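The values are calculated or read from the model by the stated rules, or taken from the named source; none is laboratory data. For clarity, every value in this text was computed on a predicted model and none was experimentally measured. Every residue, glycine among them, receives a Cβ derived from its backbone with ideal geometry; neighbour counts consider all protein chains shown. Just the protein is used for accessible areas: all its heavy atoms, side chains included, with ligands, DNA and RNA removed. Shrake-Rupley method; radii C 1.70, N 1.55, O 1.52, S 1.80 Å.
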Amino acid sequence: MIVRFSIRNRMWLFAVVALTFISVALWIYLGIGKAAEEDLKPATPVAVDIVQEQPEYLVSRTFAGRLRASNVTDLGFELPGRISRVFVDAGDTVVRGMPLARIDTDELASQESELSAVLKEAEAQLVQTSTRYDRLEKLAPDFASVQQLDDARAARDTARARVDQASGALRRLGTNQRNSLLVAPFSGEIVSRSADKGAVVGAGQTVFRLNGGGSMEADVGIPTRFRDQIVLGSEYIITNGEQESVAVAERVVDDVNPLTNTITVRFVLPESNGFVASETVRISLQETLRTKGLWVRNSALVESLRGLWAVYVVSPQSQSENRDSGHVTGIVKRQDVEVLHSEADYSFVRGTLSSGSLVVRNSPFRLVPGQRVSVKQSAVFNRHQKPPLAGGGISSQ
């Protein structure tokens, strides 16, 4: 029994060793085949950008303002009254001296009749008192006392003053009658009308707004740190969202608005160029932020963890390969970056990237870290921003 048991154990031991040997051999064979298959699999072609580190980057800041015509005025009557006629409407073109509206003059006509009667009475009294004074002056000092002569002189002077007063009132009434007709002080276009026929208006109340044309102006509020960028007489680009025009910096009001913490800059458009008064316009100024980083394409960015982004970088398999020749084969690695500034197609990032890194340009979603790729196209990528017009200056922070 002991002999049979020993022989059986040896047979089981031999079977286990043989099975282990076969398993190891099969694993080695399959592993080598798989490695060989991977080596034979062609590398995925990718296009890369050779990024360069920059010590700073430019940011375009936009500031809004309200556009207005430089020759716009509000027109109204100099005296109160009821509007009897309106000759023009909004949108009409007028010339200097053209009637715009008239107020009722019936009351003025009544006042004219009354003042004319007062003037005639005052003139009659002046004739009477002047005649009496002349008569007493001839009788003095024998037949007229000094007191009588003084009283006659005072009465004459009082009558003359009343004549002057009545004459002045009539002249003022004539001025009011002329002012009852509102005329255009200069040629232009009626922008708006705020009163109709029959409306009672007060003195100075706006009835029409007249635009005399000419240049347009925009008052734009900018932060004080951009003050050095504003050069009076220099040209800047102004836009209303649909079209652009050149504007000239005319004046800077160095008084900080406590509500917006900005100063006011007045820009003048030499020509309207289709811009309309009262619409919102914008001025863009560039600011330099001194922070090290690199420009990459937005198409190269993929989402990462904790609010970060990532890019895929090609790590060459051999240090001897020439990156500039475009014949580079390597392994894809994923590197996290922080986006400092983003534009339509580009972003300025910082992180573990360094100058000369090969960043996969497009479609990184089909790649995985460790994947073997070959560079089919490469170019040195250095994002340059479009320079502003003369005087549109770049400030430093």
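Residue selection: residue 334 fails the criterion of being buried (at least 19 other Cβ atoms within 10 Å of the Cβ), at pLDDT 85 or above, farther than 30 Å from residue 229 by Cβ and among the charged types (D, E, K, R). Here the condition is being open to solvent by 40 Å² or more (accessible area, probe 1.4 Å), touching a Ser or Thr at 6+ places or on another chain (Cβ under 8 Å) and of a type in the set (D, E, K, R); of 89, 74, it holds for 74 alone.
Among the candidates 119, 173, 100, the residue that is under 30 Å from residue 82 (Cβ atoms), open to solvent by less than 70 Å² (accessible area, probe 1.4 Å) and touching a Ser or Thr at 6+ places or on another chain (Cβ under 8 Å) is uniquely 119. Only a single criterion out of (1) free of Cβ contacts under 8 Å to residues at least 24 places away in the same chain; (2) within 30 Å of residue 197 (Cα to Cα) is not satisfied by residue 173, namely (1). When 167, 113, 145, 180 are checked against the criterion of being surrounded by fewer than 17 Cβ atoms within 10 Å (Cβ to Cβ) and touching a residue at least 40 places away in the same chain (Cβ under 8 Å), a single residue qualifies: 167.
Rundown of residues vs (1) under 30 Å from residue 366 (Cβ atoms); (2) free of Cβ contacts under 8 Å to residues at least 12 places away in the same chain; (3) in a strand (DSSP E or B); (4) basic (Lys, Arg), yes/no style:
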| residue | (1), (2), (3), (4) |
| --- | --- |
| 252 | no, no, yes, no |
| 255 | no, yes, no, no |
| 260 | no, no, no, no |
| 268 | no, no, yes, no |
| 277 | no, no, no, no |
| 287 | no, no, yes, no |
| 296 | yes, no, yes, no |
| 299 | yes, no, no, no |
| 306 | yes, yes, no, yes |
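Summed over segment 208-223, residues that are open to solvent by 50 Å² or more (accessible area, probe 1.4 Å) and not in a loop (DSSP other than H, G, I, E, B) total 2.
Please verify whether residue 205 is over 20 Å from residue 70 (Cβ atoms), among the polar types (S, T, N, Q), surrounded by 14 or more Cβ atoms within 10 Å (Cβ to Cβ) and in contact (Cβ under 8 Å) with a residue 60 or more places away in the chain, treating the condition exactly as stated. Yes, satisfied. The residue that is farthest from residue 68 (Cα to Cα), counting only those in segment 235-276 that are among the hydroxyl-bearing types (Ser, Thr, Tyr) and open to solvent by less than 20 Å² (accessible area, probe 1.4 Å), is 236.
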